[in-house]
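**Q** Below is the structure I would like to discuss, written out as structure tokens.
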């Protein structure tokens, strides 16, 4: 799998919210797209993440800023998955007379070029916990320790999720 280039780590001082949105927006969108699998949900997730970042910036202790953003993104994604399980929704039917499709943005195009559609679909089919672990390891190139820190899961659980997620991907690819 291809790795997404992460933005450079910021200075030791805490950036403003506008700086975060401008400097790290592409990184957040790319991670959100890999987790959600579609443009609309990815945009919604990034918006929710940026709201959480805005609330949390005052308490941020300078350190691994990108790791902090990744953790917020993955936790927000998992919160949404849990919420959807509790409150399943049915999408409204498409009404072509009332909806005008816009073209996807540059970030959507870049994200879609990163992984083939069939591979993204296989990622989408993984359980959320496996998907988060596999995306952080194999797409973004995080270490097991970093993933454990981001997800709050023990390192053994992270290794197991990656192993099981990769196994499911391998099985699906061999069909």
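The values are calculated or read from the model by the stated rules, or taken from the named source; none is laboratory data. The shown structure was predicted, so the numbers you read here are calculated from the model rather than taken from an experiment. Because the Cβ atoms are built from the backbone with ideal geometry, glycine has one as well, and the counts that use them run over all protein chains shown.
**Q** Working only within region 126-167, note down all residues that are assigned to a helix (DSSP H, G or I), surrounded by fewer than 16 Cβ atoms within 10 Å (Cβ to Cβ) and in contact with a helix residue (DSSP H, G or I) (Cβ under 7 Å, 6 or more places away or on another chain).
**A** 144, 145, 155
**Q** Would it be correct to say that residue 58 is at pLDDT below 85, outside any loop (DSSP other than H, G, I, E, B) and over 24 Å from residue 124 (Cβ atoms)?
**A** yes
**Q** Suppose we filter region 34-55 for residues that are assigned to a helix (DSSP H, G or I) and touching a helix residue (DSSP H, G or I) at 6+ places or on another chain (Cβ under 7 Å); how many remain?
**A** The total comes to 13.
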